[in-house]
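Read through the structure below, which is laid out as structure tokens, and then see the notes.
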Amino acid sequence: MKKDLTNEQLPAPVIARGDSPRDRVMRHVRDALAAGAGAMLLTSCPPFGVVDPLPPPAQCRSTPADRLTSAVATVEPADSGVPSRIRVMLEWTFESGLQGRSGATVTGGTLISQSGNEIFVVEPDAGANTFDLVVPVTCDDDHSGPTDSRVKVTVTLGGPGGPTTTVSLD
Amino acid sequence: MRRPWVALVGPEIEENLSLRYLASALSRAGIDSEIFAFNDALQMAGIVQKVVTDSPPIAVGISMAFQWRALDMLGLGVALREAGYGGHITMGGHFATFASENALADFPEIDSICRQESEETLVELVRCLVAGEPWAALPGLCARDGAGKPALTPLRHPPDLSGLAWPDRRGEPAACFGHNIAPLVSTRGCYANCSFCCIAAWHEMTLPGKRYRERPLEDVADEMASEHFGRGIEIFVFHDDNFFLPSGAKNAERLNTLADLLEARGVRRFATVVKARPTDVQPRAFEALVHRLHCIRCYVGIETDADQGLETLNRWAKPRHNKVAMELVEQLGLYTCFNVLLFDPDTTVDSLEDNLRFMERWADYPFNFGRTELYAGTPLLGRMRQEHRARGDWLQWDYRMADEKVERIFQLTNRAFHERNFRPDALANTMMSTRFDVEVVRRFHPEVFRPSWQAEAKALSRALGTDSVRGLRRIINRTLAAEPASGDAGFCDDLGAQLRATEERLRGRAQALAAEVHAAVGQGLPLTYIGDRVATPLQHAVPVGVAP
């Protein structure tokens, strides 16, 4: 089905608070048990001799979706020559340690291009009403928070106001 | 077949007194235990392997004292169940106590939480488990009721410190230049009630208004003598929540009495390490501390030198108390170090500047700085929740500063300084070790000690401290100049690169100083080399990549 898309900016996303304490602990267990392979620095104690060690700030330990301040889906300008493509723009808060990782994936479409961790151009599959853009994010290796979170942006096409976005943790 | 035993799991960078008091209590009751060090998440799989064996423990006790390690500790409970462990899993410690109901509600893998000081609770729990008797109604627990919901049983009166078995000292002690080190406590609790402090909140639960208890000094001296003559301990690190009592006169009397008792027991070649609030730093007590108890380091809990911060944190002190305390330790030639909680919910740009001036003034002494965190059970968390400013959930609370400019300064600071302040090998931490090395040699090897080492150690602290202050001022200036936020990431990258370059240079100097001291002393290893690889028996450390 041919989409009839309009180049409209959308309201701020709905943030799904699905990242419960249990979710975070389960993810941490998975990371910790897999880390024997050697990849990541997780939590660790300060060295001997340090008095009243200051803990790192709690940032980068809670919901990565909270770091996403807006997710906006727009139709690629017609003069691009490819009107069926969707540009998804993510705006992250500048907070400690949150880093984008390579490896964004799309279900229900094809990732055409990616600029940093903020701009993604997606070509939806023919006939698809939605697609999911999954963006890996992490605290950098100096931080001890979750290292393998994925923010999922679900883009719904063809609504009366143009595409809409819903953000959740994958 | 092996007798029923208990696995005690927690941080063991040094001898973990909380686990070791529990091990002693179990031992006195005829129950075996093993202590498994859990210093970082990478050890999780190894601990699971040690527990899930042909003779698994009847119970696993996991220390969840630190909120920032909660992911590890709860995660271990989950990992044990996933690996098939079928015994009892209990947790304890400050955070576990305050978060007990949440933890049990969200983690069916955990059977119980031993709330508050648990020498008696854990022993009774294990006895019930061994006998196959009901345990959920024991005092001091959080357990599930008949409907499976978390339920608290009444707290116990905290144990009589004079009756506790001394902490288990299995294995070899840590050492600095071959001088053996042991932690101990002479009190539990703290008379003050800082708004951010979970220790004060914890002791307020069982001893409202007083919040601290003392061990008889004879018992303390006996333990020190036993350690000195039995294990060759020469450096006693007092891990009291606060080594001092509310009265300066009583402190002086108490410290002189302890010195007399040690002398009577023949303990002469030793050193001590303590912690104090600024208001505790008074001449008579500190003269006894330095001259009779041979204190070589006193951490002074400055926390903040801003009037605003002192009020927000309920510090019971004014900037003049901080100044007097620092001046006195300097006059006494006593090495001190301190932390500054530069950011709190009410921090202003003016209060930041107050603290920067303090850090600059006292940069001869190693310090670290960070944000006041919201700990479970504390009045500050209660306030922030009431004001709807606490973000997150029971596992971890976050917040934004009330002043948006300060919040931006904090974000930039955290980004640029995280490596310097919070990595396990952070230079702010290494500097404390280097200075400690020099003080150990000054105390125990006066024949080879060179004043130039102390001067270099101070110069290193000053170089790092003033560099931090310069970096912080750049961040403040950028924010006050309303530079566009779009450039913040690039700014932090640039500043961070400069900070890393300074750190590399200073770390090299610290290693060179430690090497020079090491060569002169000719025994053992300095802490500067060892860091978190201190050779405790539970963490057999082979120094890796020892500096020249």
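Assorted remarks:
- The trypsin sites (Lys or Arg not before Pro) found in the range B:23-76 include none that occupy coil by DSSP while having at most 13 further C-beta atoms within 10 Å.
- Net charge dipole, the range B:5-152: roughly 180 debye, given to the nearest 20, about the Cα centre with Cβ charges of +1 for Lys and Arg and -1 for Asp and Glu.
- Couplings 3J(HN,Hα) for the range A:104-115, derived from phi with the Karplus relation 6.51 cos²θ - 1.76 cosθ + 1.60 (θ = phi - 60°), are 4, 10, 10, 10, x, x, 10, 6, 8, 7, 9, 10 Hz, where x marks Gly and Pro.
- Here the ratio of the Cα radius of gyration of the range B:399-494 to 2.2 N^0.38 Å is 1.45.
- Positive-end residue of B:LEU310, B:HIS321, B:CYS295, charge dipole of the range B:254-354 with Cβ unit charges: B:CYS295
- Bridge type composition, chain B - antiparallel percent by DSSP, nearest 5: 25 percent
- Each listed q (0.16 Å⁻¹) maps to a log10 I(q)/I(0) for the range B:354-397 from the Debye sum over equal C-alpha point scatterers, namely -0.59.
- From the alpha carbon centroid of the range B:281-332 to that of the range B:133-198 is 28 Å.
- Integer Hz, Karplus 6.51/-1.76/1.60 couplings in order for the range B:298-313, x for Gly and Pro: 10, 6, 9, x, 5, 6, 7, 10, 8, 3, 4, x, 4, 6, 4, 8
- Cα-derived Rg over Rh, computed across the protein assembly as shown with Rh taken as Kirkwood radius: 0.99
- Computed 3J(HN,Hα) for the range B:150-163, one whole-Hz value per residue from the Karplus formula 6.51 cos²θ - 1.76 cosθ + 1.60 where θ = phi - 60°, is x, 9, 8, 9, x, 6, 7, 5, x, x, 5, 5, 6, x, glycine and proline marked x.
- Restricting attention to the range B:5-152, close to 20% of DSSP beta bridges with both partner residues there are antiparallel.
- Among beta bridges identified by DSSP and lying wholly in the protein assembly as shown, the antiparallel ones come to about 55 percent.
- Mean projection area, nm², convex hull over Cα of the range B:5-152: 7.9 nm²
- Mean shadow area of chain B, taken as a quarter of the surface of its Cα convex hull (nm²): 25.4 nm²
- Span-like helix ranges in chain B, DSSP H, alpha carbon extent 27 angstrom or more, Kyte mean at least -0.5: B:451-480, B:488-521
- Only Lys, Arg (+1) and Asp, Glu (-1) charged, at Cβ; chain B dipole about Cα centre in debye: 660 debye
- About the centre of its Cα atoms, the range B:90-231 shows a dipole size close to 260 debye [charges on the beta carbon of Lys, Arg (+1) and Asp, Glu (-1) only; nearest 20 debye].
- 17 Å tail of the calculated P(r), the range B:322-465, as % of Cα pairs: 68 percent
- Built amide H within the under 5 Å cut-off of B:GLU12, gap 5+: B:PHE38, B:ASN39
- Taking 7 Å steps out from each Cα toward its Cβ at A:ASN129 and B:ARG389 produces label points 4.6 nm apart.
- Distant-in-sequence amide contacts of B:CYS337, defined by a placed amide H-H separation under 5 Å and a gap of 5 or more residues or a different chain, comprise B:CYS298, B:TYR299, B:VAL300.
- Look at the dipole of the range B:5-152 built from charges on Cβ: of B:THR121, B:GLY10, B:PRO56, the Cα furthest out on the positive end belongs to B:THR121.
- Sequence-distant lysines (8 or more away, or on other chains) whose Cα lies within less than 18 Å of B:LYS275: B:LYS250, B:LYS323
- Two-site label geometry, B:GLU360 and A:ARG22: point separation in nm, points 7 Å out along Cα→Cβ: 5.3 nm
Laboratory data are not the source of any read-out in this text; all were calculated from the coordinates shown. Just so you know, these numbers come straight off a predicted model, no measurement behind them. Virtual Cβ from ideal backbone geometry, glycine too; neighbours counted across all protein chains shown.
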